[in-house]
Amino acid sequence: MSSSLPKIAKIMYRKSAPYLAHVQSRSNVGRAEDKVVLKDVSKNYLKSGSSGDATLAVKSLNIAIKKAEIVSILGPTGCGKSTAMNMIAGFELPSQGEVLLDGKPILAPGPDRAVVFQQASLFPWLTVFENVVLGVKCRGVSPDTYYNRAEHLLDAVKLKGFEKHYPYQLSGGMQQRVQIARALISEPEVLLMDEPFGALDSQTRLMMQELVLQLWVEYQPTIIFITHDVAEAIFVSDRILLMSSRPGKVKLAVSVDESKPRGQEFLTSAKFVELQASLLTALKQEVH
Amino acid sequence: MKRIPPILISSATIVAIFVVWFVVTNGGLVGPTYLPSPQALFWSFMRLLTNGYQRTPLWEHIGISLFRALCGFLLGVAVGIPTGLVTGYNRLADAAMSPVMAFIRPIPPIAFIPMVVLYFGLGEVGKIVLIFITSFNYAHVNAHAGAAHVPIAYIRAAKTLGLTPGQIFRKVVFPAALPHIFTGLKVAMALSWAVVVAAELVGAQKGLGFMISDAAQVFQIPVVFIGIALIGFIGLALNMVLSAAESSIVHWKGR
């Protein structure tokens, strides 16, 4: 632990691009309108096989996300962005600090925070329809309610006619659309997306990003979007939090003032290009 | 050159074996007490079909062996799969069971024969108990492995969907473990069939194992070979039934 301290200090004081606002390391997070709050959160993992030596994944992380806001957590591989998401989802607990949902600490996963995973997490023994309705069915929602919702959602994610297919019969993009439908069917207040389109080709990815924004217009969930792709972060977000490399901290926060839904033309706008340039510069300092 | 269909090559192998067999037995290269000729075996088989062996019809020998094997197999599977899933899913159950299972697993089932005879006698119960031990062992270890290796993404997805631990066990862990379970079923089936034959070698009055050991003692060598062949064909058929069930139930395997 003590031997890693100088390195942490170096990263903490690394200068970011001057034209972007610095993020205070200890801000006043946790106001009433905030949906999700991370307050001075640190997370360390014990290294297997060593005597009490720990890896610090994130350190003094302060994040506040407003209701119905779309926030991207952007950063290089290993910056702790997935750790942050795992703590919000309730898969992991913070070593220090608090992770709050509506002011209450998050202790376990739950249907109020739906997750779209990067890897295949659809159940291969269930059809598309069965995958989408499994959660609501198990929680005792009446079939009359979930049946209509499922039909509507499958239509919205353009999977009508594929209800009886199995996940392995679908393309990667279609599988992710099933995941989105499965996540939205419980009408969650928070939607966590962990590099959901990382494995897709760029054309499909753009279509998926547009779909997310269209669905946001209808369902208005708070979306936390984990990505390492600068263009993706700008395209889908209201706000981007750029994380430094390990131990992860929010290095800078950028707002994207653009109405939603957004179309392909936004990708070539001056605002987009400018944001992309500055974020790429800032991100470059974090990649080694 | 045209591609030769695999079925033709397989058939050619079978034909070749019969030709070699016919030549060496009829040419006097191998005596009939060591290896009967194909035609001698055929006529012995016909006699077995009409007269049976030791006043018991052939189908009864087959039937009693199958009955013992399937009873032991089904009982072992019925206990082995649920307990394997529980020990694979639950850390405490695993810690409690693993010393016992780790000790029992490497013991060959036939090593239990003397004690099973002592406890249960030479009747049906002893044989079925022996096959139960065999089948339980392999059903348990594979179900355990299946439940212990459910991808973390499945468990996490189930938790965020709001499934209770019981629902996760029934609706996620169990189906996710099915490919492993079927591997266990196939091994358990093959060994149940092997152990029933071994168990019938001692103190049985009926069954294919009894038939081959009894026939060997009175030098009815064709009957021994017919018994061996029947054991082989039935074992193959049992495996094929399970494989067919596997490919229809675990349709997602390997995709």
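The values are calculated or read from the model by the stated rules, or taken from the named source; none is laboratory data. A quick note: this is a predicted structure, and the numbers were derived from the prediction, not measured. No Cβ is skipped: glycine too gets one built from the backbone with ideal geometry, and neighbour counts run over all protein chains shown. Heads up: the accessible areas ignore ligands, DNA and RNA and are worked out on the full protein's heavy atoms, side chains in. Shrake-Rupley method; radii C 1.70, N 1.55, O 1.52, S 1.80 Å.
Being out of contact with any His (no Cβ under 6 Å at 6 or more places or on another chain) and within 14 Å of chain A (Cβ to nearest Cβ) is true for just one of B:V150, B:V129, B:V141, B:V116. Which residue is that?
B:V150
Here's a check for you: in region A:169-214, which residue that is over 20 Å from A:S72 (Cβ atoms) and open to solvent by 50 Å² or more (accessible area, probe 1.4 Å) is nearest to the other protein chains (Cβ to nearest Cβ)?
Per the stated criteria, the residue is A:Q169.
Residues to consider are B:A190, B:A216; find the one that is surrounded by fewer than 23 Cβ atoms within 10 Å (Cβ to Cβ), without any contact (Cβ under 8 Å) to a residue 12 or more places away in the chain and away from chain A (no Cβ under 11 Å).
When all the criteria are applied, what remains is B:A216.
Run A:R239 past the list (1) open to solvent by less than 30 Å² (accessible area, probe 1.4 Å); (2) in contact with a Ser or Thr (Cβ under 6 Å, 6 or more places away or on another chain); (3) not hydrophobic (A, V, I, L, M, F, W, C) and report the number of the one that doesn't hold.
(1)
B:V196 versus (1) over 30 Å from A:P111 (Cα atoms); (2) at pLDDT 95 or above; (3) among the β-branched types (V, I, T): which is the lone unmet condition?
That leaves (2) as the condition not met.
Hey, B:L122 hits all of (1) modelled with pLDDT under 95; (2) part of a helix (DSSP H, G or I); (3) open to solvent by 20 Å² or more (accessible area, probe 1.4 Å) but one; which does it fall short on?
Failing condition for B:L122: (2).
Does region A:140-162 contain any residue that is at the interface with another protein chain (Cβ under 10 Å from one of its Cβ atoms), open to solvent by 80 Å² or more (accessible area, probe 1.4 Å) and free of Cβ contacts under 8 Å to residues at least 60 places away in the same chain?
no
Six or more apart or on different chains, Cβ under 6 Å: which pairs go from a residue in region B:52-63 that's among the β-branched types (V, I, T) to one that's open to solvent by 60 Å² or more (accessible area, probe 1.4 Å)? Could you list them?
Close Cβ pairs (under 6 Å, with a partner that is open to solvent by 60 Å² or more (accessible area, probe 1.4 Å)) amount to B:T56/B:K206.
Six or more apart or on different chains, Cβ atoms under 8 Å: show the pairs whose first residue is in region A:61-86 and touching a residue at least 24 places away in the same chain (Cβ under 8 Å) and whose second is of a type in the set (S, T, N, Q) and buried (at least 23 other Cβ atoms within 10 Å of the Cβ).
Here the result reads A:I70/A:S237; A:V71/A:S237; A:S72/A:T227; A:S72/A:S237; A:I73/A:T227; A:L74/A:T227; A:G75/A:S244; A:C79/A:S244, each pair linking region A:61-86 to a residue that is of a type in the set (S, T, N, Q) and buried (at least 23 other Cβ atoms within 10 Å of the Cβ).
What number of residues within region B:1-28 satisfy the criterion of being surrounded by 10 or more Cβ atoms within 10 Å (Cβ to Cβ) and not in a helix (DSSP H, G or I)?
0
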